[in-house]
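This report concerns only the one structure given below.
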Amino acid sequence: MSAHEQFADDLALLALEALHGDERVAIERHLEDCPACRRELERLRGDMALLALSASGPAAPKRSRDRLLKAIAKEPRAEKTPARRSARWTLLPWLAAAVFLAIAGSFWQQSDRLSQRVAQLQEESSQQQAQLERARKVVSTLTATNAMRVTLVAAQAPPQPQGKAIYVRERSSLIFLASNMPALPAQKAYELWLIPTAGSPIPVGTFKPDARGSATVIEPTLPAGVEAKAFAITVEPEQGSATPTMPIVMMGAGE
């Protein structure tokens, strides 16, 4: 029996890092003087690496399987007791399976994190698209040549409260800008009204000015195609009212 045949099974176990103690010392001493066994060990380690990488695919590479089977075929020639040899080769598939499971678990975790990141990017993209569409509508209304532009003023000493409504009837699109608005009592809000050419005033939305008296109402929900005669502002409860509460504090008709 040649030395190569004697150490065939130990080379496979050493490639799997499953050989220890005196047996590992013995084969490492043999490898120092045997280039053929060193080359075989490197081939086995390369095959083990290929088998590990194949855990994410449907099957192991064919050449890896063939080489591993050839190494296993050499095992019976070793001068070791049958019970010892059987125990080693019973352990070998379990060690390989553990390696495969660990690598497969790592790939699964990476795939799950990647899926979560893709979902996050898709959500961010949807939000950006919605913001872009809203910005386009605002610019379109501000620059529309057929927009109705209304300035609302109050008859008092400067700085006077002022409101400007820009309304496009065909799109039911409205942008309202207010400045120098007086502070409100507690639990009160300003409410903007669209006064149609026919019918009752339509509530547009409530607003509260900031510390500088500025406020906006942008793209509120309005009935389709209503022709506006004027816009007005009243002081209402914070939740708004269905009909205006007198007096009207600001009002303006179309230019």
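The values are calculated or read from the model by the stated rules, or taken from the named source; none is laboratory data. On a predicted model such as this, the values are computed, not experimentally measured, just so you know. For neighbour counting, all protein chains shown are included, and Cβ atoms are generated from backbone atoms with ideal geometry for every residue, glycine included.
Contact map, segment 148-169: first residue more than 18 Å from LEU194 (Cα to Cα) and modelled with pLDDT of 90 or more, second residue surrounded by 19 or more Cβ atoms within 10 Å (Cβ to Cβ) and not polar (S, T, N, Q), Cβ cut-off under 6 Å, separation 6 or more or different chains; pairs are PRO161/MET181. Per the conditions (1) under 21 Å from GLU227 (Cα atoms); (2) more than 38 Å from the chain's Cα centre (by Cα), the sole criterion not satisfied by THR141 is (2).
The set of residues in segment 150-178 that are over 16 Å from GLU219 (Cβ atoms) and outside any loop (DSSP other than H, G, I, E, B) comprises VAL150, THR151, LEU152, VAL153, GLN162, GLY163.
So, of the residues in segment 179-194 that are assigned to a strand (DSSP E or B), among the hydrophobic types (A, V, I, L, M, F, W, C) and touching a residue at least 40 places away in the same chain (Cβ under 8 Å), which turns out to be surrounded by the most Cβ atoms within 10 Å (Cβ to Cβ)? Outline the logic, then answer.
Narrowing segment 179-194 to residues assigned to a strand (DSSP E or B): 179, 188-194.
From the residues that got through so far, the ones that are among the hydrophobic types (A, V, I, L, M, F, W, C) too are 189, 192-194.
Next, only the ones that are touching a residue at least 40 places away in the same chain (Cβ under 8 Å) stay: 189, 192-193.
Working: ALA189: 20, LEU192: 25, TRP193: 22.
Going through the qualifying residues, I end up with LEU192.
Got at least one residue in segment 223-238 being among the polar types (S, T, N, Q) and assigned to a loop (DSSP other than H, G, I, E, B)? Scanning segment 223-238 turns up no residue that is among the polar types (S, T, N, Q) and assigned to a loop (DSSP other than H, G, I, E, B). Residue count for segment 196-222 satisfying the condition of being part of a strand (DSSP E or B) and polar (S, T, N, Q): 2. Among the conditions (1) under 40 Å from the mean Cα position of the chain (by Cα); (2) at pLDDT 95 or above; (3) more than 17 Å from VAL153 (Cα to Cα), the only one that ALA224 does not satisfy is (2). Regarding SER241, is this residue buried (at least 18 other Cβ atoms within 10 Å of the Cβ), at negative phi and in contact with an Asp or Glu (Cβ under 8 Å, 6 or more places away or on another chain)? When the stated conditions are applied, SER241 does not pass them.
Residue-level analysis places TYR190 among those that are among the aromatic types (Phe, Trp, Tyr) and farther than 22 Å from ARG134 by Cα.
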